[in-house]
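A quick write-up on the structure given underneath.
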Amino acid sequence: MAKWGSCDYKQLEKLVKKLEKMANFDVKKFCEDVSRELAARLLAKVIKRTPTGEGTFEVLEKDGVKKRYKIKNGGTLKRGWTANTQAEAEGGKVPNARDYANSLKILRMGNSYIVIVKNPVEYSSYVEFGHRQEPGRFVPAIGKRLKAAWVPGTFMLTISEKELESQLPKIIERKLTKFMEECFNNGY
């Protein structure tokens, strides 16, 4: 008859306990945390790519001489990424990208988590995708005539989404690895 020897199962029992704790962890919270981090990263990328205008101007004629007066600073479109309304973006007091991303509502549809990132500034889609204009028309706000029939878009959001999409596997893998290390090393 064969002799099997002795075995200490304490380490195996610890592993089973850690795996049980891992099985009970809140998957929904983990997915929402990852979604918020991805939204913050997207906002950081898109804000960096958003062009900043000179501001809006009003042309006044005084004694036959046209003068340009600056009304508002530029950057309304940039501030719009973390604003809830256009007025808020124009006002200038908006939260930073991470704080705003943490305040976003996360929707769950089936196995997907959805975070809606939008810019409430009315002309944001024209800057993103481009727009038509009438060549030769005089625009008093800039004091010039329009030259081109089409103004190309900057695709700030589209490019940022594609860039983040290529980084998704690494980001999610890091978050999952960090979570698993916490479970096994710190007892979760």
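Read the figures in this text as sums done on the coordinates, not as results from a lab. Keep in mind that this is a model prediction, so the values were computed, not measured. Every residue, glycine as well, gets a Cβ built from its backbone with ideal geometry; the counts of neighbours run over all protein chains shown.
Numbers below:
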| quantity | calculated |
| --- | --- |
| Expected 222 nm ellipticity per residue - DSSP helices of 4 or more, -39500 (n - 2.57), all of the chain, to 500 | -15500 deg cm²/dmol |
| Nearest-20 debye value, the chain charge dipole, Cβ charges on Lys, Arg, Asp, Glu | 360 |
| Estimated vicinal HN-Hα couplings, Hz - the range 168-181 in sequence order (Karplus 6.51, -1.76, 1.60; Gly, Pro = x) | 3, x, 5, 5, 5, 4, 4, 4, 5, 5, 4, 4, 5, 5 |
| J(HN,Hα) series, the range 127-138, from Karplus relation 6.51 cos²θ - 1.76 cosθ + 1.60, nearest Hz, glycine and proline x | 6, 5, 9, x, 7, 8, 8, 8, x, x, 6, 8 |
| Fully extended contour minus Cα-Cα distance, from LYS3 to MET109, at 0.36 nm per residue | 32.5 nm |
| Least to most buried among GLU161, GLU13 (fewest other Cβ within 10 Å first) | GLU13, GLU161 |
| Förster radius 35 Å - calculated FRET efficiency between TYR123 and ASP63 (Cβ-Cβ, nearest 0.05) | 0.55 |
| Residues whose placed amide H lies under 5 Å from that of GLY130, excluding near-sequence neighbours | GLY153, THR154 |
| Hydrodynamic radius by Kirkwood, which averages 1/r over all alpha carbon pairs of the chain, in angstrom | 21.0 |
| Set LYS29/LYS118; LYS48/LYS162; LYS45/LYS118; LYS45/LYS178; LYS28/LYS175 screened for pairs whose C-alpha atoms are more than 21 Å apart | LYS29/LYS118; LYS45/LYS178 |
